[in-house]
Amino acid sequence: QVQLVESGGGLVLPGGSLRLSCAASVSLFSIYTMGWHRQAPGKQRELVASITSGSSTSYSDSVKGRFTISRDNAKKTVYLQMNSLKPEDTGVYYCRGTWGPNNYWGQGTQVTVSS
């Protein structure tokens, strides 16, 4: 059973930074493609960033240049460093782990960007 636990969300001022963490309880974490998604109120969940087992990264256009995804396989953790935050970055951020046809999700962590 794969469990993903996010942490690091909170309230931040526009222009501020947050770092989200997602800790995985799974063997062979290194083979998983990991991703961060977010869901704003009244909107569909969208992919924000992903990182492959070989550490190739990709980002949505809305966060490119501001967010950085990284992973520490020894700690079985994936991170999302978020800088220059904007009010439109507000939402629940979910961690996703993918291996083959299987997707696993965390419970989400709230990020609110507001003055």
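The values are calculated or read from the model by the stated rules, or taken from the named source; none is laboratory data. Computed from a predicted model, the values in this text were never measured in an experiment. Quick reminder, even Gly has a Cβ in these numbers, built from the backbone with ideal geometry, and neighbours come from all protein chains shown. Areas reflect the complete protein model, heavy atoms only, side chains present, ligands, DNA and RNA absent. Shrake-Rupley method; radii C 1.70, N 1.55, O 1.52, S 1.80 Å.
A few points about this structure:
- 1.4 Å probe accessible area per residue over the chain, in Å²: 52
- Sparse packing (at most 14 other Cβ atoms within 10 Å of the Cβ) combined with a DSSP loop state is found for the following trypsin sites (Lys or Arg not before Pro) in the range 13-63: Lys43.
- Over all other residues within a Cβ to Cβ distance under 12 Å of Thr90, the charged ones net out to +1, with Lys and Arg as +1 and Asp and Glu as -1.
- In this structure, the amide hydrogen of Val2, modeled 1.01 Å from its nitrogen in the peptide plane, lies closer than 5 angstrom to no residue at least 5 positions away or on a different chain.
- Relative contact order for the chain, counting Cα pairs under 8 Å that sit 6 or more residues apart, in percent: 37
- Heavy-atom accessible surface of the chain: percent carbon and sulfur, 1.4 Å: 49
- Each Lys or Arg adds one and each Asp or Glu subtracts one; over the other residues with Cβ under 12 Å from the Cβ of Ala23, this totals +1.
- Signed unit charges on C-beta, dipole axis of the range 18-83, positive-most listed residue Ser21, Thr77, Gly35: Ser21
- Karplus-derived 3J(HN,Hα) values for the range 93-98, using 6.51 cos²θ - 1.76 cosθ + 1.60 with θ = phi - 60°, are 9, 10, 8, 10, x, 10 Hz; glycine and proline are entered as x.
- Taking Cβ atoms as reference points and 12 Å as the exclusive limit, the residues near Val111 contribute a net charge of 0, counting Lys and Arg as +1 and Asp and Glu as -1.
- Placing a label point 7 Å from the Cα of Asn83 along the Cα-to-Cβ line, the residues of the range 35-60 whose backbone N sits under 18 Å from it are 49-50, 57-60.
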